[in-house]
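Only the coordinates and a few stated rules stand behind these numbers; no lab work does. All of these numbers come straight from a predicted model, not from anything done at the bench. For neighbour counting, all protein chains shown are included, and Cβ atoms are generated from backbone atoms with ideal geometry for every residue, glycine included.
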Amino acid sequence: MAQSPLPRWFTKPLLGAVAAVLLLLGGALPAAAEFALPPLPYAAEALEPVIDATTMTIHHDRHHGAYVANLNAQIAANPKLATLSLEALQGQIAGFPVAVRNNGGGHWNHSQFWAAMAPVGQGGAPSAELLAAIEANFGSLEAMQKQFNQAAAGRFGSGWAWLIEKPNGSLAITSTANQDNPLMNLPEIERGTPLLGLDVWEHAYYLKYQNRRPDYIAAWWELVNWDEVNRRFAA
Ligand SMILES: [Fe+2]
């Protein structure tokens, strides 16, 4: 048997130390494929008086944060998750357990929600192209908003209202339950590309509006970031 050039009392502890350092490094560094909570694109109080700072902080840090943490907790049991972008996951959601559907949907939905709002007076206006499409599909911007408000107010329990662009290029209003969204490949979903989505879970409005969901919906239009909606429509 070939003799190691180094004595056993030296090599064994050395290998052990190298392994310990690698384990420490591995444990300290987050896996590259983990999903991350995006920061709010404005201060928590920036959307007042329509949405109060406390609601924004709890909604983003705790609710959205929990969706991200719970989604990451699913990676070990569903390793395919680590190979998908958040958006690609939505289109393949039927192949995953309900915990991935709820938390993966929650992460995507809230990420688009923060981006689609801006402080009052800073959200711009619909582009000429988007306005033309809205008028062609709904008759007017006001008619689209009325239909959207009805979908948002009429969603029983928790969920979302959406303005979507359907695969045939037309625009439509739809609503989804819980944390589902129009990108999901599920039979009960009216599918399309979301241009605008409104969270009508009670956690989004209850501190300020209590049971007055229609008041929250009506006020929320003041926050719509049309520049972002225009960008989604153009893309
Ligand atoms: Fe929410």
Query raised in the report: Rounded, prolate or oblate: which fits region 128-234 when a ≥ b ≥ c are the square roots of the eigenvalues of the alpha-carbon gyration tensor, with rounded for a/c under 1.5 and prolate only if a/b beats b/c?
Result: oblate
Query - Residue with peak Gaussian network fluctuation, the chain [Cα springs, cutoff 10 Å], from 109, 137, 72 - result: 137
**Report entry** Dipole magnitude (debye, nearest 20) for region 128-234, charges at Cβ of Lys, Arg, Asp, Glu
**Finding:** 180
**Report entry** Helical mean residue ellipticity (222 nm; -39500 (n - 2.57) per DSSP H run of 4+; nearest 500) of the chain
**Finding:** -13000 deg cm²/dmol
Query raised in the report: Modelled label-to-label distance, residue 215 and residue 191, 7 Å Cα→beta-carbon offset: nm?
Result: 4.1
Query raised in the report: Once Lys and Arg get +1 and Asp and Glu get -1 on their Cβ, which of 186, 79, 66 lies farthest toward the positive end of the dipole of the chain?
Result: 79
Report summary line: Charge dipole of region 128-234 built from unit charges on the beta carbon (Lys, Arg +1; Asp, Glu -1), centred at mean Cα; most positive-end Cα among 206, 174, 221 is 206
Report summary line: the chain: relative contact order from alpha carbon pairs under 8 Å, six or more residues apart, as a whole percent, is 22
Report task. For the chain, give the magnitude of the charge dipole about the Cα centre (Cβ charges: +1 Lys/Arg, -1 Asp/Glu; no others), in debye to the nearest 20. Result -> 980
Query raised in the report: What helices does the chain have that are whole DSSP H segments, at least 24 Å long along their own axis by Cα, and with mean Kyte-Doolittle hydropathy of 1.0 or more?
Result: 8-28
**Report entry** Residue list for region 201-235, given a label point 7 angstrom along the Cα-to-Cβ vector of residue 62 and an amide N cut-off under 17 Å
**Finding:** 201-210
Requested in this report: Could you line up 158, 140, 111 from fewest to most neighbouring Cβ atoms inside 10 Å?
Outcome: 140, 158, 111
Requested in this report: Report ³J(HN,Hα) in whole Hz for each residue of region 36-42, in order, from the Karplus equation J = 6.51 cos²θ - 1.76 cosθ + 1.60 where θ = phi - 60°; Gly and Pro get x.
Outcome: 10, 6, x, x, 4, x, 7
Report task. Between 196, 81, 131, find the one with the highest GNM mean-square fluctuation for the chain; connect C-alpha pairs within less than 10 Å. Result -> 131
Report task. Only residues of region 213-228 count here: report those whose backbone N is under 12 Å from the spot 7 Å along Cα→Cβ of residue 48, or say none. Result -> none
Query raised in the report: With θ set to phi - 60° and the Karplus curve 6.51 cos²θ - 1.76 cosθ + 1.60, what are the ³J(HN,Hα) couplings of region 192-209 in order, to the nearest whole Hz, using x for Gly and Pro?
Result: x, 8, x, 9, 7, x, 10, 7, 10, 5, 4, 4, 7, 8, 5, 4, 9, 10
**Report entry** Cut-off 17 Å (backbone N to label point 7 Å along Cα→Cβ of residue 142), residues of region 210-234
**Finding:** 218-219, 221-222
